[in-house]
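The values are calculated or read from the model by the stated rules, or taken from the named source; none is laboratory data. Since the structure is predicted, the reported quantities are computational estimates derived from the model, not experimental observations. Cβ sites come from the backbone with ideal geometry, for glycine too, and all protein chains shown count toward neighbours.
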């Protein structure tokens with residue numbers, strides 16, 4: 001059947017739409033079957049709710065009818081037992097209920113993980129061997145992907161008040177993101193000069209994420225300040241869309257222009273800059289690096305380069321780095337984005353050796 005309001009497909013005999021929440025029946029007296037009186041004196045009957053039978057009991061006949069009508073109208077929601085819930089239904093319900101507060105890219109990721117669980121999607125959650133599920137996923141996907149898949153499953157189970165089982169996840173190996181040594185940065189700036197990828201590089205070295213770069217307009221840079229607001233991300237259909245919210249509250253920020261070449265290029269713009277899509281951004285940047293003997297990096301690697309340059313080479317205060325980079329916590333740039341450049345490593349080793357000599 002279709003919802004009376006939003007017209008989406010819903011389960012036959014549904015009282016409420018699981019998409020928009022609108023009621024499918026009119027208020028008023030709802031017919032329910034007559035109860036049977038038990039030896040204990042209680043009254044019991046079975047009614048149909050959302051295509052399934054539910055058992056309702058009352059201490060008196062009037063109490064039974066009151067509860068039965070409430071359940072029929074789903075004014076009182078009887079929790080489904082795990083034996084009746086399939087993994088797909090649990091995940092679908094979790095995604096649909098959280099869609100208003102999730103970013104399009106997060107919904108896209110959840111939908112992708114859901115497809116990866118195809119072998120288990122139609123199994124009731126109470127019969128699934130969760131450790132076996134993890135072990136099988138680990139054979140086909142990287143540890144980080146398995147961790148994200150499990151995160152979707154546990155979030156969905158918690159939303160239904162289903163206990164989350166204990167499992168052992170594959171260890172996620174921390175990989176070092178490629179970044180530029182300080183001496184490589186001038187070479188890259190020279191290599192990309194007057195190339196289509198130049199604006200991407202300049203903005204990336206100012207700490208902007210790929211999604212933030214794509215959202216930059218002509219008015220985003222004024223009086224030597226980059227106003228970072230909004231992002232361009234992919235939705236569940238793979239289409240690039242603009243959203244006014246950034247990844248975190250701190251992501252909306254003002255950044256001073258550090259590289260004069262950015263101001264020079266911006267003054268020459270007559271309209272909004274045109275950026276290639278992220279796939280082409282990465283391809284073009286990797287090609288420039290390869291042709292100029294520069295460490296191969298992606299646009300996100302430029303963000304790592306900014307952070308490392310600021311903390312390790314420039315000695316910035318971590319709070320300054322957090323504010324300029326738009327991180328929600330100072331822990332993130334310190335633990336993930338800061339990389340030790342080789343020149344600094346050599347200097348520190350020399351200092352230690354000099355001390356003991």
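Quick notes on this structure:
- Selection status of residue 251, surrounded by 13 or more Cβ atoms within 10 Å (Cβ to Cβ), more than 24 Å from the chain's Cα centre (by Cα) and outside the structural domain of residue 343 (by TED's automatic domain parsing): no
- Hits in the stretch 184-220 - residues which are surrounded by fewer than 19 Cβ atoms within 10 Å (Cβ to Cβ), part of a loop (DSSP other than H, G, I, E, B) and outside the structural domain of residue 296 (by TED's automatic domain parsing): 217
- Here 255, 294 are screened, and the one residue that is assigned to a loop (DSSP other than H, G, I, E, B), in contact (Cβ under 8 Å) with a residue 40 or more places away in the chain and under 30 Å from residue 345 (Cα atoms) is 294.
- Among the residues making up the stretch 239-248, those that are outside any strand (DSSP E or B) and surrounded by 12 or more Cβ atoms within 10 Å (Cβ to Cβ) are 245, 246, 247, 248.
- Inspection of the stretch 38-48 finds no residue satisfying the criterion of being at pLDDT below 70 and either under 24 Å from residue 90 (Cβ atoms) or not assigned by TED's automatic domain parsing to the domain that holds residue 70 (or both).
- Only listed residue being in contact (Cβ under 8 Å) with a residue 24 or more places away in the chain and either more than 20 Å from residue 255 (Cβ to Cβ) or in the same structural domain as residue 198 (by TED's automatic domain parsing) (or both), chosen from 287, 283, 303: 303
- Selection of the stretch 84-105 for residues being touching a helix residue (DSSP H, G or I) at 6+ places or on another chain (Cβ under 9 Å) and assigned to a helix (DSSP H, G or I) yields 87, 88, 90, 91, 92, 93, 94, 95, 97, 98, 99, 105.
- Filter result (surrounded by fewer than 15 Cβ atoms within 10 Å (Cβ to Cβ) and farther than 16 Å from residue 201 by Cβ) within the stretch 278-324: 279, 293, 313, 314, 315, 317, 319, 320
- Only one of the numbered conditions (1) out of contact with any strand residue (DSSP E or B) (no Cβ under 7 Å at 6 or more places or on another chain); (2) without any contact (Cβ under 8 Å) to a residue 12 or more places away in the chain; (3) farther than 22 Å from residue 99 by Cβ is violated by residue 239, and that is (3).
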